[in-house]
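The values are calculated or read from the model by the stated rules, or taken from the named source; none is laboratory data. In this text the structure is predicted, and so the values were computed from the model without any measurement. Positions of Cβ are generated from backbone atoms using ideal geometry, with glycine treated the same way; all protein chains shown enter the neighbour counts.
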Amino acid sequence: MTPDARARLHNSFAAQTMMQTLGAELTEVKEGLIRIAAPILPGSRQQQGFGHAGLTFSIGDSAAGFAALTLLPLDQEVVTAEIKINLLAPARGDRLIATGRVVKPGRRLSVVTSEVHAEAEGKLTLIAILQGTMVPVPA
């Protein structure tokens, strides 16, 4: 990736106030792959003390969208057209790690996927899989 492409990704991520609220950070940036980590904060837990599905969905959606963005021209951004989630296990642990990948890039639509893992004491557990479609839009 070019320095300009990396800067665009980091600037776009920094502009997402939702990610700031969740304490999320970009931990890996490659063409077609993004990794986002977020702590399971007291304010993002559900009634049983696990990470809320909203946290899982938010970082999974963002990881998938930013993965699509890595393959687009610098004058474009991306928005989610649709995305589904399969919740596989409770979000137990200290933080969640979402890995977004591009399945099929396109000029009008990109098919993306994301896996979200919970990290507890160094062990990763797959807790969710997302699949969706991203649409390029002018920046």
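Some observations on this one:
- Of the residues making up the stretch 17-25, not a single one is crowded, with 18+ Cβ neighbours inside 10 Å and in contact with a Lys or Arg (Cβ under 9 Å, 6 or more places away or on another chain).
- Any chance residue 106 is free of Cβ contacts under 8 Å to residues at least 12 places away in the same chain, surrounded by 14 or more Cβ atoms within 10 Å (Cβ to Cβ) and either among the small types (Gly, Ala, Ser) or on the phi > 0 side of the Ramachandran plot (or both): yes
- Any chance residue 36 is assigned to a strand (DSSP E or B) and either among the hydroxyl-bearing types (Ser, Thr, Tyr) or buried (at least 24 other Cβ atoms within 10 Å of the Cβ) (or both): yes
- Residue within the stretch 31-52 that is farther than 13 Å from residue 130 by Cα, of a type in the set (S, T, N, Q) and within 15 Å of the chain's Cα centre (by Cα) present: no
- So residue 82, is it at pLDDT 95 or above, within 15 Å of the chain's Cα centre (by Cα) and of a type in the set (Asp, Glu): yes
Here's the yes/no breakdown for (1) in contact (Cβ under 8 Å) with a residue 12 or more places away in the chain; (2) assigned to a strand (DSSP E or B); (3) buried (at least 23 other Cβ atoms within 10 Å of the Cβ); (4) small (Gly, Ala, Ser):
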{"site": "63", "(1), (2), (3), (4)": "yes, no, yes, yes"}
{"site": "83", "(1), (2), (3), (4)": "yes, yes, no, no"}
{"site": "93", "(1), (2), (3), (4)": "yes, no, no, yes"}
{"site": "119", "(1), (2), (3), (4)": "yes, yes, no, no"}
{"site": "126", "(1), (2), (3), (4)": "yes, yes, no, no"}
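- Among (1) at pLDDT 95 or above; (2) farther than 18 Å from residue 8 by Cα - the single one residue 135 does not satisfy: (2)
- Scanning the stretch 2-29 for residues that are without any contact (Cβ under 8 Å) to a residue 12 or more places away in the chain, farther than 16 Å from residue 95 by Cβ and not aliphatic (A, V, I, L, M) gives 2, 3, 11, 17.
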